[in-house]
1. Neighbour counts of other C-beta atoms within 10 Å: give me GLU95, GLU64 arranged from fewest to most.
2. Hey, what did the range 24-148 get for relative contact order, percent, Cα under 8 Å, at least 6 apart?
3. Which value in Å does the Kirkwood hydrodynamic radius of the range 62-156 take, with 1/r averaged over all unlike C-alpha pairs and then inverted?
4. From the C-alpha coordinates alone, can you work out the Kirkwood hydrodynamic radius of the range 197-236, in Å?
5. Of SER102, LEU92, LEU29, which is farthest on the positive side of the dipole of the range 28-139, counting Cα position, with +1 on Lys and Arg Cβ, -1 on Asp and Glu Cβ, and the Cα centre as origin?
6. Expressed as cubic angstrom per residue, what is the convex hull volume of the alpha carbon set of the range 28-234?
7. Give the average over all directions of the projected area of the C-alpha convex hull of the range 42-86, one decimal, in nm².
8. Charges at C-beta only: +1 for Lys and Arg, -1 for Asp and Glu. How large is the resulting dipole of the range 28-234 about its Cα centre, in Debye rounded to 20?
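What follows draws every value from the coordinates through simple rules; no lab data is involved. This one's a predicted model, so the numbers in the text were calculated from it and none came from an experiment. Cβ: placed from backbone, ideal geometry, glycine included. Neighbour counts: every protein chain shown.
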Amino acid sequence: MPKPIQESEDTPIKAELDLDLSPELAGALAGKFLVFDGPDGSGKSTQLKLFLDATKRAGITVAEVREPGGTEIGEKIRDALLEHLDREEMSLRCEMLLYMASRAQLCEQVIDPALKRGDLVVADRFVASTFAYQGAAGGIPNAEIEAAAKIAMQDIEPDATLIFDVDQETAASRLNPLLDRMEAKGAAFHAMVRQGYRSLIESDPDARRYLGVDATGSPSEVFGNIKSALNARFLDR
């Protein structure tokens, strides 16, 4: 998990960061589906909080969801996926399908109704995570993941997925010492995860689905990178 930002009397967060979204960008985000995604330790969670705070100040109605989870059923699936099990190891396809099961419930129960209301939906992870973790790092072919995702998601697709890219050494330094089952898989596994995410970015050179965000800088720099990516996707075309 990313390290929390520390406030001080000398450098309060709001003085350090330009947290506000422009009125033009705020207007363009209404009714969109955005995903914050990336490797463990990328700083995604810190930036997600800053972004959600900015949307509230901008007066945007937001439906915030997380994966796995976001519903009562999804939270029970999350517990099964992320806890350490002493009895037996979860099979890779079981793992992938449990993520998809949580996603199916989330799409039908929360995301689809929110989009139909015209809300901005912001998800902490979505299907890009499955391509990176169970696909690139785990070895499940993309075609199998795509087939399962089509069933789980029906016609729901993110308008943009922000992928936070950071070098492995920086990411490792940000991880919580109390690692969950996915975080604890080791350096080689996480190197393959990062490459999986980078492959998604490279597969979309026009940056319409996957928006790469350099996450190696300070919180203010990374937040600026988010706004630049969103401006390019929704305002500058």
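1. Final ranking by Cβ density, sparse to dense: GLU64, GLU95.
2. It comes to 40 percent, rounded to a whole number.
3. With all distinct Cα pairs of the range 62-156 included, I get 13.7 Å.
4. Across the range 197-236, the inverse of the average 1/r is 10.6 Å.
5. LEU29
6. 119 Å³
7. The orientation-averaged projected area of the Cα hull of the range 42-86 comes to 4.3 nm².
8. Magnitude of the dipole: close to 500 debye.
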